[in-house]
Amino acid sequence: MCSLYGKNNFNNNKNCMDCKNVVGDFLAYLGNYLDINPKIYELISPMLQVRELVKNEVIVNEGEICREAFWLQAGYGRYFKIITDENGVGHDQTIDFCKPGRFLFVSGSFFDESISEFGFELSAGSIIIPFTKNDYDSLIQRCPEVATIANKILVLDKFEVIRKMDMMKIKPRERYREFLILFEADIEQYFAIKHIANNLGLQPSYLSRLRGEFRKKKSGLTKYLQIVFITLHFI
């Protein structure tokens, strides 16, 4: 990548093909989901930078102002809140996750510069394109249409929020299966099982057993398909 845990404009590094691919994915995302004026591409391209995180990084803590938004090309994000129990001890409560190919930010705090009600972190290995609030304000001044695009992105996110709400209404086993479909199994490589269990309203020990069952079934299916393939090959 152009840089590890830091910013580096990909335009200043002609040999950085990885960064150009990341930017290409981002522009393709905009083109696939949003009807964007070519002028916006011209304005936004000089602002595009690529970062790769070498370790988990808390971007915003609860009670701070979110001054950056991120497009996530790889890795995962996690929204969290600190809940204090009756003994005054704070516990990390996972509110939500963000998967690749999405924008990650605290919308109310970012747009209104208000205090964030929760924090979020990015996982190690995340590849992101950051946008500061100053970048956003600059785009708005030069092209007011950007505000409409931001609203469209929020609408896209709302559909996923509804799906997540429906997921929490079903039984634990089906809930975990739906979670893996929604976020893909790769998420388990980025965040501890306690965070996933916490988000699903399950005990870590129970989720660990479910995960073991799912992996065993997947392994059995893989072996079965291999046998079928070999058998058909010799028929």
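The values are calculated or read from the model by the stated rules, or taken from the named source; none is laboratory data. All values reported here derive from a predicted model rather than from experimental measurement. All Cβ positions, glycine included, derive from the backbone under ideal geometry; neighbour counts span all protein chains shown. For the accessible areas, the whole protein counts, side chains as well, though only heavy atoms, and no ligand, DNA or RNA atoms are used. Shrake-Rupley method; radii C 1.70, N 1.55, O 1.52, S 1.80 Å.
Here are the numbers:
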| item | result |
| --- | --- |
| Subset of the stretch 83-132 that is touching a residue at least 24 places away in the same chain (Cβ under 8 Å) and β-branched (Val, Ile, Thr) - its residue that is surrounded by the most Cβ atoms within 10 Å (Cβ to Cβ) | Ile128 |
| Test result for Glu213, on the phi < 0 side of the Ramachandran plot, more than 18 Å from the chain's Cα centre (by Cα), modelled with pLDDT of 90 or more and open to solvent by 50 Å² or more (accessible area, probe 1.4 Å) | no |
| Count of residues meeting criterion [of a type in the set (Lys, Arg) and not in a helix (DSSP H, G or I)] in the stretch 160-172 | 2 |
| Tally of residues being farther than 20 Å from Pro46 by Cβ, in a helix (DSSP H, G or I) and of a type in the set (Val, Ile, Thr) across the stretch 101-159 | 3 |
| Every pair of residues 6+ apart whose Cβ atoms lie under 6 Å, when the first sits in the stretch 160-175 and is touching a residue at least 24 places away in the same chain (Cβ under 8 Å) while the second is in a helix (DSSP H, G or I) | Arg175/Met167; Arg175/Leu200 |
| Residues (in a helix (DSSP H, G or I), in contact (Cβ under 8 Å) with a residue 12 or more places away in the chain and either open to solvent by less than 30 Å² (accessible area, probe 1.4 Å) or of a type outside the set (D, E, K, R) (or both)) located in the stretch 176-193 | Tyr176, Phe179, Leu180, Leu182, Phe183, Ile187, Ile193 |
| Hey, Gln141 modelled with pLDDT of 85 or more and open to solvent by 80 Å² or more (accessible area, probe 1.4 Å) or not | no |
| Only one of Ile59, Ile65, Ile44 that is out of contact with any strand residue (DSSP E or B) (no Cβ under 7 Å at 6 or more places or on another chain) and either small (Gly, Ala, Ser) or open to solvent by less than 70 Å² (accessible area, probe 1.4 Å) (or both) | Ile44 |
